[in-house]
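The values are calculated or read from the model by the stated rules, or taken from the named source; none is laboratory data. No experiment lies behind these values; they were computed from the predicted model shown. Neighbour counts are summed over all protein chains in view; Cβ atoms, including those assigned to glycine, are modelled from backbone coordinates with ideal geometry.
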Amino acid sequence: MKEKIIEKASELFLNLGFKSVTMDEIASELGISKKTLYKYFSNKHALVEETTITMHESCFLVIEKITNQDFNAIRENFEIKKMFKEMFQNASSSPIYQLKKYYPKIHEKAMQKEMVLFSECLKKNIEKGIEEGFYRDEVNIDLATKFYFSLVFSIHENTIENHKIPKLEQEVLVYHTRAIATKKGLLELENQLENNKL
């Protein structure tokens, strides 16, 4: 039952926003009493926290699935971006923006965890790209990772309208790739842009 609650809450929070969804609505959507809901979660804050953790885990599983498919480094980033766009396409407004505004402590905790995990993924991607000849050998991997991470999360934290995010994310990905790509990498970037027109 707990998993069902988290699944439904995730869907409602993404579609309608963390602030506007009430515990009453979640119970009603699931066809259970509020008493049953409170048996698993003492309050909405606890539910938001657990839902956020679960959503993060889903995101990392998606990333893992893509990185295991052996795409080249540049295509891999575009595939990850595409998958996130699909996952969050029904969100009314940016989930990270809302989390930061209404649940700052949960947001801070989530960002710390995300920074570690996403940085790892990005570092691996850059190392892979250097090996493949798509990224330059002399790239400062730590700095490139920090720059990219800062740009992506500033978009999510400062953009209210969710529909604007994919376009901005693509701009950041292009900016990041151009900054570290070799000539071969730039050709692959053009190829990916041709295949991923928004």
Practice task
Would you mind telling me which numbered condition in (1) surrounded by 19 or more Cβ atoms within 10 Å (Cβ to Cβ); (2) closer than 17 Å to Glu188 by Cα; (3) of a type in the set (A, V, I, L, M, F, W, C) Phe71 fails?
Solution key: (1)
Practice task
Output the number of residues of the range 1-60 satisfying the condition of being surrounded by fewer than 13 Cβ atoms within 10 Å (Cβ to Cβ), basic (Lys, Arg) and touching a residue at least 24 places away in the same chain (Cβ under 8 Å).
Solution key: 2
Handout entry: Top-ranked residue of the range 123-135 - restricted to ones that are part of a helix (DSSP H, G or I) and in contact (Cβ under 8 Å) with a residue 12 or more places away in the chain, ranked as farthest from Gly17 (Cα to Cα)
Key = Glu132
Completion exercise
Asn162 vs (1) of a type outside the set (Lys, Arg); (2) over 17 Å from Ile80 (Cβ atoms); (3) over 13 Å from the mean Cα position of the chain (by Cα): all pass except (3)
Fill in the blank from the handout: Of (1) under 11 Å from the mean Cα position of the chain (by Cα); (2) under 20 Å from Ala9 (Cβ atoms); (3) not aliphatic (A, V, I, L, M), Thr51 satisfies every one except (1)
Practice task
Say whether the condition of being touching a residue at least 24 places away in the same chain (Cβ under 8 Å) and either under 18 Å from Leu14 (Cα atoms) or exposed (fewer than 15 other Cβ atoms within 10 Å of the Cβ) (or both) is met by at least one residue in the range 172-179.
Solution key: yes
Exercise for the section: Assess whether Lys105 counts as being over 21 Å from Phe78 (Cα atoms) and modelled with pLDDT of 90 or more. Expected result: yes
Exercise for the section: Take Ala110 and decide whether it is in a helix (DSSP H, G or I) and more than 18 Å from the chain's Cα centre (by Cα). Expected result: no
Practice task
Read through the list (1) surrounded by fewer than 19 Cβ atoms within 10 Å (Cβ to Cβ); (2) at pLDDT 90 or above, then give the number of the only condition that Thr145 fails.
Solution key: (1)
Handout entry: Scan of the range 88-98 for residues that are in contact with a helix residue (DSSP H, G or I) (Cβ under 7 Å, 6 or more places away or on another chain) and either modelled with pLDDT of 85 or more or part of a loop (DSSP other than H, G, I, E, B) (or both), ordered by number
Key = Phe88, Asn90, Ala91, Ser92, Ser94
Exercise for the section: Would you mind listing the helices (runs of 4 or more DSSP H) fully within the range 1-87 where at least 3 residues are out of contact with any helix residue (DSSP H, G or I) (no Cβ under 7 Å at 6 or more places or on another chain) and among the hydrophobic types (A, V, I, L, M, F, W, C)? Expected result: 44-67
